[in-house]
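Notes follow once the structure below has been shown.
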Amino acid sequence: MYRSLLLALPLATLASLACAQNLLGDNDAFIDQLGDDNAGAITQTGAGNQAGLEADVMLQDGQFNALTITQTGIGNAVGTEGEGLFQLGRQNTPTVFNQITITQAGNGQLVGEVDQQSVGSIANGANEMVILQNGGDGNVVSEARQLQASGMARNIMDITQTGEANRISLATQLATSDELSGAPNTIRVRIVGSRNGQSALRAPAIVPFARDSAFVQEGGSADNRSNGNSIDVLILGNDTAFGIRQGGRDNDVGFITIEGDFNDLGIRQDGDQNTVTMTTVEGSGNVMGIDQLGTNTTQLSLIGFSDDNLVSVFQQGTNDAFLVIEGDANSITVAQNFLDALGGDNSASIEVRGTSNAVDLTQEGQNTAEIVIEGSANNAPLFSLPRTTFEGVMIGSYAQRGFDNRLDIGVIGDSNVSTTLQAGDLNSILLRVSGDDNEALLLQRGNANTAHLTQRGTGNTATIRQ
């Protein structure tokens, strides 16, 4: 075995070091740099190479640290499990910026535990980590971790995997800043291939604290908040499973793109001004669960006539949900309710185009909802979820409980079922139906309620009870 050990003293003249290993592999490499303006580079080719071990941690400690590791072959490892690679920026400076770049090509590659920390008062930058596992199968990122322990955080993490049966076990960012601006934690993930994440989840994605293959952004200060969190995810492939957790304020899960079948995604946000934006979800048999606590917005689009998907959105607080669903035999559940009995101002917009879809909406507080259904046999009994009863009648595909509720429904197609309940005062329902053999049941309980129903077609039935 060939072994290389590099030690950099705190002198600028020793700031740049490089190590190259190749031939048959089975090499170990370590870098230990203390001081300012440190840069390290390791290149390994072959099989069974390692860079940093739990028993002999690769370390950079100081300001302006940069580390680049490139491995090509089979079964190579960076920072084996137990924190084998540690980068620490401990000085108080407005410009310190730690950088780690890891590139692995081949099969069975491992990024074990990689840890970046900044403990000084950092105003403009702290940590940047880039991990690329390219063109191979069975690669693993076990744990990639970033910590900003003081001042305004700026953690940036970028992970890309291409191939099959790859896994990102945990990518996490922790920031103790309570500032509202200039403090973004950013995780960008690109996954191309099948059977990545290697399953679990399901249900509708086991929120609120899903951790299987997880992306986590949260705070560690007294009020358990961090701010400006952002996660973007691109998944091109089948049979992937991932969970996202954000804690703090001004969180954004945005520009999530999923193209493929039997993918699972669970999202949990708690705090204020949280946003989930899914611009493209296309495929069949996907399972998505979104759980938000605080002040929330969700935008979800299932496009391209995607079938047999399960979608669940749960929001607690002051909520907005915008859903567009195209396809057949999809099940969509949206629940919006109070937070700590303080009331909720909920708004939902749901558009469904296709056949045999089931839509379930429940709102509590002061609610508005706009629902558009185009297609046939939507919310038919065969596909509807189990309901409770009100005065002996099956209720709720669309239920509102509270005051000053507004429900506007438009249905175009045949054999659709529209069942509504409003419980409270000052409620109104407007239902417009065009097509044949549609069924409508409108139930209102309370005072000063109004119901307007229009049906055009043949064989339609309607019941209004107040």
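No lab work stands behind these numbers, since they all come straight from the coordinates. Note that the structure is a prediction, hence the values are computed from the model and not measured. Neighbour counts are summed over all protein chains in view; Cβ atoms, including those assigned to glycine, are modelled from backbone coordinates with ideal geometry.
Using the Cβ-Cβ distance between residue 426 and residue 458 with R0 set to 35 Å, the FRET efficiency from 1/(1 + (r/R0)^6) comes to roughly 0.50. Across the range 285-326, C-alpha contacts under 8 Å between residues 6 or more apart give a mean separation that, scaled by the residue count, equals a relative contact order of 54 percent.
Placing R0 at 22 angstrom, the Cβ-Cβ distance between residue 277 and residue 134 gives a FRET efficiency of 0.20 after rounding to 0.05. Multiplying the residue separation of residue 74 and residue 119 by 0.36 nm and removing their Cα-Cα distance gives an extension gain of 12.6 nm. If the segment from residue 329 to residue 372 were pulled out straight at 0.36 nm per residue, it would be longer than the present Cα-Cα gap by 13.9 nm. Amide H contacts of residue 297: 274, 275, 276, 320, each under 5 Å away and 5 or more positions distant or on a separate chain (H built 1.01 Å from N in the peptide plane; Pro and chain starts excluded). Rounded to the nearest 0.05, the FRET efficiency derived from the C-beta distance between residue 445 and residue 408 at R0 = 25 Å is 0.80.
Were the residues from residue 160 through residue 380 laid out at 0.36 nm apart, the gain over their Cα-Cα distance would be 74.9 nm.
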